[in-house]
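Enquirer: Take this structure first; my questions come after.
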């Protein structure tokens, strides 16, 4: 009886001592580091009180008058660029990941390759533009941009060609990583 009680106490102690996972640079369905999906644009200065915030003084889109916020850590490293929504109470609509330390729950980030994306996610759609291809994921708000410079030369200069996943080299580097919350 005494052994059972001691063993139970030990298990309870171990369970309560479990370390919490550091989410400072983690991208989940509802958060990017300290920023949550429900965070309001007016709270950016509170959320990033220990960081530097640079507000874009130019109007990004004259239709909605939204401005961008650039977040820098104290050492000057650019972390994120945030674009608020045009709602009456604006939240953050788009996030451009600027720092390689930010990764998804599956470990994919700016330092990853196309192979990492396709091994960890289902690709919903690939959009071809003049200089880039944009990779949209199924069941995720994260999307990636790969420069056409990473593609075979036969695909680099054709803007009307629809590029498919099999045509993108596994070692193609990610140019931009974005999160779109709507």
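Taken together, the values in this text are just the output of simple stated rules run on the coordinates, not laboratory data. The structure presented is a predicted model; accordingly, all values stated were derived computationally and were not measured. Using ideal geometry, Cβ is built from the backbone for each residue, glycine included, and neighbour counts are taken over all protein chains shown.
Enquirer: Determine, from the Cβ-Cβ distance of residue 45 and residue 115 and an R0 of 41 Å, the FRET efficiency 1/(1 + (r/R0)^6), rounded to the nearest 0.05.
Expert: Using R0 = 41 Å, I get an efficiency of 0.55.
Enquirer: Would you mind computing the Rg to Rh ratio of region 127-182 from its alpha-carbon coordinates, Kirkwood style for Rh?
Expert: On the way: Rg = 11.4 Å, Rh = 11.7 Å.
With Rh from the inverse mean 1/r over Cα pairs, Rg/Rh is 0.97.
Enquirer: Given points 7 Å out from each Cα along the Cα-Cβ axis, report the residue 96 to residue 70 separation in nanometres with one decimal.
Expert: For residue 96 paired with residue 70, the spin-label model returns 0.9 nm.
Enquirer: Fully extended, how many nm does the chain gain between residue 164 and residue 182 (0.36 nm per residue separation, minus their Cα-Cα distance)?
Expert: Extending this stretch completely gives an extra 3.9 nm.
Enquirer: Per the Kirkwood formula on distinct C-alpha pairs, the Rh of region 22-105 is how many angstrom?
Expert: Mean inverse Cα-Cα distance, inverted, gives 13.1 Å.
Enquirer: Work out, step by step, the length gained on full extension between residue 139 and residue 30: first 0.36 nm times the residue separation, then minus their alpha carbon distance; give nm to one decimal. Please report the intermediate quantities before stating the final value.
Expert: Values: separation 109, 0.36 × 109 = 39.24 nm, distance 1.25 nm.
That pair, residue 139 and residue 30, stretches by 38.0 nm at full extension.
Enquirer: May I ask you to order 127-138, 95-106 by the average number of other C-beta atoms within 10 Å around their residues, highest value first?
Expert: Listed from highest to lowest mean packing, they are 95-106, 127-138.
Enquirer: Can you give me the distance in nm between label points at residue 147 and residue 52, each placed 7 Å from the Cα along the Cα-to-Cβ direction?
Expert: If labels sit at residue 147 and residue 52, their model points lie 2.6 nm apart.
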